[in-house]
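Inspection log for the structure reproduced underneath, given as structure tokens.
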Amino acid sequence: MFILKNGVVWDGLNHDPVKADILVENGKIAKIASDIECSQAKVVPVDGCMVLPGFIDSLNVYGCRGPGWGVNDIAESTDPVLPQMNAVFAFDQDGMNFQEIYRYGVTASGISPMPNNVLAGKAAVFYSYGRHPYEMLLKEEAAQVASVSGAAKKLYGPQNKMPMTRMGSFSLLKEAFTKAQQYNKEKEYEPKAEALIPVLQGQTPLFVNCATKPEMKGILHMLQDFPQVKPVLTGAFCLDTSFEEVAAGQVPVILGDLTDAFSPYGEMVDFAAVKELLAKGAVIACSSCGDRSASGKESLLWNGIQWYKHGIEANQVLRAMTSTPARLLGVDRLTGSLEVGKNADMVVWTHNPICSYRAAVKAAYIKGENILEKERYASCW
């Protein structure tokens, strides 16, 4: 049990920051108030420092690609329709690009199959620290990942296999959903159809990688035939105010990586439109994902800084990096904001990192443990 004393608390819910103490008990936030007194609690002074929820990267491939990108366990490229793939079995906490990611404020991540396939498989949510992957696992099967962007065409076109066009991608996607609708597992087990049942029933969201306006409009049109499917547009670089479903908060968006120098899409983002959509109630998360699923440790923070530099208020940027991704990944009852009853997943910064390049991490807590003070095991097993 401990008290973070005299911090400036940003709750991740778009409320104004307040000077307050935070009482943590059994790994959860027990109280947030001014001048908390508890004789049994250790006092941790954080005078004037910013206390933020840990960042959550909505989609990435952290821990699934080896040194020099030579090992790739997250991109099964034998078939463009593989919804039964599960990112849990690709994750390796000892992966080079996952090490000490919490030093950049990230306490949890949605680990996603690469969007190289029309249906790529199931994303999972992992904490940024633990003794082994299954201790770090926050949620399995958090989303089904799909793609109608150019990645599948680039992969399968040279093999003279479908999809070679955007038409092919949409055709394969619709065919897979139609077969799953007709599926009867008592008659014959089919793993692809089985994996899509929770999506068709609206129990698991469909994260669709779609960079351009035709791709985004196309997926919303196609899914009219499957009304229970809950789409989330990922990448979505060409988002504008014509997307009424987004403006109304009915279709969330995970805006992709703006820092990928190899992608042509980052410069296409219309931040005036993003700002207007947020004002109308749109649900938009900041991420370092996109057509290429970039995965630098600092990428999420740099994307948040880009949002801020383009006129999005710091509170809105923080929400897009914390409570919004938690909600989209289905872990918002546990993490993503500083509220009583939630896991004490929080980072203490010298300054607000969204607004200041001077910001440095002083402490990073996951379930109430300051992981900067812990030693990693030599082996996860």
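The values are calculated or read from the model by the stated rules, or taken from the named source; none is laboratory data. Keep in mind that what you see is a predicted model, and the values were worked out from it rather than measured. Cβ placement follows ideal geometry from the backbone for every residue including glycine, while neighbour counts extend to all protein chains displayed.
Worth a mention:
- Residues located in the range 220-238, provided they are in contact with a Leu (Cβ under 7 Å, 6 or more places away or on another chain) and assigned to a loop (DSSP other than H, G, I, E, B): Phe226, Gln228, Val229, Lys230, Ala236
- Residue in the range 316-327 that is in a loop (DSSP other than H, G, I, E, B) and free of Cβ contacts under 8 Å to residues at least 60 places away in the same chain present: no
- Among residues of the range 227-247 that are assigned by TED's automatic domain parsing to the domain that holds Lys275 and in contact (Cβ under 8 Å) with a residue 60 or more places away in the chain, those with a Cβ under 8 angstrom from a residue that is assigned to a loop (DSSP other than H, G, I, E, B) and charged (D, E, K, R), sequence gap 6+ or separate chain, pair up as Gly235/Asp291.
- Per the listing Arg103, Arg131, Arg166, the residue uniquely basic (Lys, Arg), under 23 Å from Pro205 (Cα atoms) and surrounded by fewer than 24 Cβ atoms within 10 Å (Cβ to Cβ) is Arg166.
- Extreme residue, farthest from Gly168 (Cα to Cα), among residues of the range 182-219 that are in a loop (DSSP other than H, G, I, E, B) and at pLDDT 95 or above: Gln203
- Residues satisfying the stated conditions in the range 30-62, i.e. over 27 Å from Asn209 (Cα atoms), within 28 Å of the chain's Cα centre (by Cα) and not in a strand (DSSP E or B): Cys49
- Residue match in the range 55-68 (condition: buried (at least 23 other Cβ atoms within 10 Å of the Cβ), modelled with pLDDT of 95 or more and not basic (Lys, Arg)): yes
- Contact annotation: residue pairs with Cβ atoms under 6 Å, 6 or more positions apart or on different chains, pairing a residue in the range 12-28 that is over 18 Å from Gly336 (Cβ atoms) with a partner that is not in a strand (DSSP E or B), are Ala20/Ser34; Asp21/Ile36; Leu23/Ile36; Glu25/Met1.
- A residue that is in a helix (DSSP H, G or I), in contact with a Cys (Cβ under 6 Å, 6 or more places away or on another chain) and surrounded by 21 or more Cβ atoms within 10 Å (Cβ to Cβ) cannot be found anywhere in the range 253-262.
- Residue count for the range 102-122, restricted to those that are farther than 20 Å from Ser169 by Cα and touching a residue at least 60 places away in the same chain (Cβ under 8 Å): 8
- Restricted to the range 263-289, and to residues there that are of a type in the set (Ser, Thr, Tyr) and touching a residue at least 40 places away in the same chain (Cβ under 8 Å), the residue that is surrounded by the most Cβ atoms within 10 Å (Cβ to Cβ) is Ser287.
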